[in-house]
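To start, the structure under review is shown below, and the notes come after it.
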Amino acid sequence: DISKYESPQIKMSANIFKSVKLDRKAIFSLLILALFLYVCGELALTGWIPTFLRTERAISEFYAGQAISFFWLAMIAGRIITGFLSKKFSILKILIIVTLLSTASMILGIYSTNIIWIFTSIILAGLFAAGLWPLLIAEGGILFSENRNSAVSLISLIGGSGGLFVPFLLGFVYRQLGLFVAMNLSYIFMFLLFICLLVLFFIIKRKKKYII
């Protein structure tokens, strides 16, 4: 009697296996999309922030250049902090929270006219966004542990292609609508990443119900 080998939670059926298979494809695609959106958001900010500060906020070239230095220093500190947090908390939950905080920081930095708030926001954006790349890669390795090397390589390769795409998009928006509008793409990409991670979270939560 095969019924005694079935999980007490669910009944084994072809539909369940199809659902699990579909979920795995969706998870893999969402991880790639998440990394793509992160790369686009980060490059949209770091590639244009010095020019934005000089032309839109009348900040001197020296301080505009320093802003990007502070961003990368915050990235270094953020990755150290994220490394400790990932040992105690769920990686996906950390990703969702820091993405939302990074998005809020970018919005504040772009719309603020006070130099102190601008620099504070840029530093916070770097601090919160710091762990996104390594945590997304780590999550991919965990979720696809049976093919870890291939999965991580594909996620990095395809997701990282955002670095090829975003300069063309930003250049087009800048020519058509101006630099201020182009800068807004940075937090738009990050907000889309937040939505993507939420969807990923609920799919994974749902998938656990089908584990046999």
- Item | LEU154 versus LEU179: modelled label distance in nm, points set 7 Å from Cα along the beta carbon direction | 4.2 nm
- Query: Taking only protein heavy atoms and a 1.4 Å probe, what accessible area per residue, in Å², does the chain have with all protein chains in place?
  - Reply: 55 Å²
- Can you tell me the relative contact order of region 102-212? Whole percent, Cα pairs under 8 Å, sequence separation 6 or more. 25 percent
- Message: Sorting check: for 99-108, 169-178, 113-122, which peptide has the highest mean count of neighbouring beta carbons within 10 Å, and how do the rest follow?
- Response: 99-108, 113-122, 169-178
- Query: If a helix is a whole DSSP H run, which ones in the chain reach 20 Å or further along their own axis (Cα) and hold a mean Kyte-Doolittle hydropathy of at least -1.0?
  - Reply: 14-46, 61-85, 91-111, 115-129, 162-177, 179-207
- Taking every Cα atom in region 72-123, find the radius of gyration and the maximum pairwise distance Dmax, and write them in Å. 12.7, 38
- Note on the structure: In whole percent, the fraction of accessible protein surface over the chain that belongs to carbon or sulfur atoms, probe radius 1.4 Å, stands at 69 percent
- Item | Relative contact order (%) - criterion: Cα under 8 Å, at least six apart; region: the chain | 37 percent
- Unit-weight point scatterers at every alpha-carbon of the chain, Debye formula, q = 0.08 1/Å: log10 I(q)/I(0) is -0.34
- Taking 0.36 nm per intervening residue step and subtracting the Cα-Cα distance, what contour gain separates SER69 from VAL199 on full extension? 43.5 nm
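The values are calculated or read from the model by the stated rules, or taken from the named source; none is laboratory data. Owing to the predicted nature of the structure, the values given are computational and were not obtained by experimental measurement. In this analysis, Cβ positions are derived from the backbone assuming ideal geometry, glycine residues included, and neighbour counts consider all displayed protein chains. Areas reflect the complete protein model, heavy atoms only, side chains present, ligands, DNA and RNA absent. Shrake-Rupley method; radii C 1.70, N 1.55, O 1.52, S 1.80 Å.
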